[in-house]
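Visitor: Before we start, here is the structure in question, set down as structure tokens.
The values are calculated or read from the model by the stated rules, or taken from the named source; none is laboratory data. Keep in mind that this is a model prediction, so the values were computed, not measured. Here Cβ is always computed from backbone atoms with ideal geometry, including for glycine, and neighbour counts include all displayed protein chains. Heavy atoms of the whole protein, side chains included, go into the accessibility calculation; ligands, DNA and RNA do not. Shrake-Rupley method; radii C 1.70, N 1.55, O 1.52, S 1.80 Å.
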Amino acid sequence: MDDAPIITALDLGSSLIKVVIGRLLSDYEIEIIGTGIYPSSGVKNGSIVNIETTTKSIVEAFGDAELMAGQEVSAVVVNVSGKSLHGFNERGIIAVTNKERIVTEYDIIRVVEAAQSVHVPNDQEVIHVLTKEFKVDDQINIKDPIGMTGVRLEAEVHIVSCGTTALTNIDRCIEQAGLVQLDRVMSSLASSEAVLTSGEKDLGTAVIDIGSGVADIIVYVDGGIAFSSVVPFGGFHITSDLSIGLKTTIESAEILKKRYGHTQIDAIDPTEKVEIPAISGRQARTIFRSELVEIMEPRVREILEMIDAELVRSGFKSALAGGVILTGGTSLLQGIDRLAEEIFRLSVGRAKPAGLTGLVEKISTPEYSTAVGLIKYASRLQNLEQKNIRAGSEQDGWMKKIKRWMENNL
């Protein structure tokens, strides 16, 4: 399989820059051949705040991944997150005008364009137009209407836009790192590709990727994307609370959080003690573990309540028969799934990327859901991407329009 297509994912996280190089083996299996990771001090709450440091982190992470893979790569698929990301639903309606009244690819393009004719602010750029379902005359819940007969075609789409400044900063970092950007993918969309099955999408499931700086939310109903959102809080905010409350460094607070942290004080031994490392000439000290959890639990509860408010705002919470799937680094906190069930009043599970072979030990964790999902998402469009590259994707408007429809229909 040495000739299999290779895809490189760049995950611009708020705590770490991750690079994953994968080789597509089949529709359901990816071989991981290289990984790289480097601290991302230039990214905050999902958005780039320092071009120079972010570029350096990208270069360092890529160097390690290329060394492990034994080959150089230059083209990447990158994630997009942050508070400037916005998702909303629109509907388009057209008449099927050909003589046979048969829905064609051209009709798909027309109806999707009609759906996305909504005005987008000048400081926003559309990055996804994801079709949820089609309707041909009175026939509803159609995923692929091509070849059907009718006089009226409707499309319900989920449009995702992002701040132009945020996208420009991503472009500059990638360019300065000497790389070519193949595609931008919303973080929650990528994560859902890594952890959800088509059956779970059909059933109605929400994926919550809680990272260091943000919590990315995506909701699937009847197999299509019905809602997406970003909550600008994550694991770093828990760490920051611990740093202040325990009077220790961010680095020490992060270690304590991962090693001894819990989200429910009732679930821990009240007599258990933990050691706070020595800093700035001060001696190490011992506290009860419950003191640490008393700081953590309110912040975790607050973040989950904000996520729940977004699920309620979506209007689809009652349709989530598949419940909620937690992923991302912060989903590893002990007890967070049980606390989430209490707050969401839905079934809650945790998930990590699946369908991987090769160097999977390091990335078989929820922290890599976005990076692995980027590869899986891009692999669905691999053949079309290659056509775009050969034809000149920036000039081939027809292929770009077809790709937009195919994004959620392959």
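Visitor: Is there a residue in region 3-10 that is open to solvent by 60 Å² or more (accessible area, probe 1.4 Å), at pLDDT below 95 and in contact with a helix residue (DSSP H, G or I) (Cβ under 8 Å, 6 or more places away or on another chain)?
Guide: Here is the first cut: in region 3-10, the ones open to solvent by 60 Å² or more (accessible area, probe 1.4 Å) are 3.
Now restrict to residues that are at pLDDT below 95: 3.
Now drop any that are not in contact with a helix residue (DSSP H, G or I) (Cβ under 8 Å, 6 or more places away or on another chain), which leaves none.
Checking region 3-10: not a single residue is open to solvent by 60 Å² or more (accessible area, probe 1.4 Å), at pLDDT below 95 and in contact with a helix residue (DSSP H, G or I) (Cβ under 8 Å, 6 or more places away or on another chain).
Visitor: So in region 106-138, with the set limited to residues that are assigned to a helix (DSSP H, G or I) and more than 29 Å from the chain's Cα centre (by Cα), which one is surrounded by the most Cβ atoms within 10 Å (Cβ to Cβ)?
Guide: That would be D107.
Visitor: Of the conditions (1) more than 23 Å from L326 (Cα to Cα); (2) open to solvent by less than 60 Å² (accessible area, probe 1.4 Å); (3) polar (S, T, N, Q), S280 fails just one. Which one is it?
Guide: So the condition that S280 fails would be (2).
Visitor: Would you tally the residues in region 319-344 being open to solvent by 50 Å² or more (accessible area, probe 1.4 Å) and in contact with a Ser or Thr (Cβ under 9 Å, 6 or more places away or on another chain)?
Guide: Qualifying residue count, region 319-344: 5.
Visitor: Among the residues that make up region 305-318, is at least one of them open to solvent by less than 80 Å² (accessible area, probe 1.4 Å) and on the phi > 0 side of the Ramachandran plot?
Guide: yes
Visitor: Could you list, in sequence order, all residues of region 352-364 that are open to solvent by 20 Å² or more (accessible area, probe 1.4 Å) and part of a loop (DSSP other than H, G, I, E, B)? Quick ask: steps written out before the conclusion?
Guide: Within region 352-364, the subset open to solvent by 20 Å² or more (accessible area, probe 1.4 Å) is 352, 354-362, 364.
Of everything in region 352-364, those that are open to solvent by 20 Å² or more (accessible area, probe 1.4 Å) and part of a loop (DSSP other than H, G, I, E, B) turn out to be K352, A354, G355, L359, V360, E361, K362, S364.
Visitor: Would you call V372 over 30 Å from I6 (Cβ atoms) and of a type in the set (V, I, T)?
Guide: Considered against the rule, which asks whether it is over 30 Å from I6 (Cβ atoms) and of a type in the set (V, I, T), V372 comes out as no.
Visitor: If you check R380 against the conditions, is it under 17 Å from S188 (Cβ atoms) and touching a strand residue (DSSP E or B) at 6+ places or on another chain (Cβ under 6 Å)? Before you say what the answer is, go through the steps one by one.
Guide: Values: under 17 Å from S188 (Cβ atoms): yes; touching a strand residue (DSSP E or B) at 6+ places or on another chain (Cβ under 6 Å): no.
No.
Visitor: Now, a different point. If you take the residues in region 81-105 that are among the charged types (D, E, K, R) and outside any loop (DSSP other than H, G, I, E, B), which one is least open to solvent (accessible area, probe 1.4 Å)?
Guide: Only one residue tops the list, namely E90.
Visitor: Within region 177-245, considering only strands (runs of 3 or more DSSP E) that don't extend past its boundaries, which have at least 1 residues that are open to solvent by 10 Å² or more (accessible area, probe 1.4 Å) and over 19 Å from A9 (Cβ atoms)?
Guide: Result: 215-221, 224-231.
Visitor: Restricting to region 43-69, count the residues that are under 15 Å from G213 (Cα atoms), in contact with a helix residue (DSSP H, G or I) (Cβ under 8 Å, 6 or more places away or on another chain) and either open to solvent by 20 Å² or more (accessible area, probe 1.4 Å) or free of Cβ contacts under 8 Å to residues at least 60 places away in the same chain (or both).
Guide: Of the residues in region 43-69, 2 are under 15 Å from G213 (Cα atoms), in contact with a helix residue (DSSP H, G or I) (Cβ under 8 Å, 6 or more places away or on another chain) and either open to solvent by 20 Å² or more (accessible area, probe 1.4 Å) or free of Cβ contacts under 8 Å to residues at least 60 places away in the same chain (or both).
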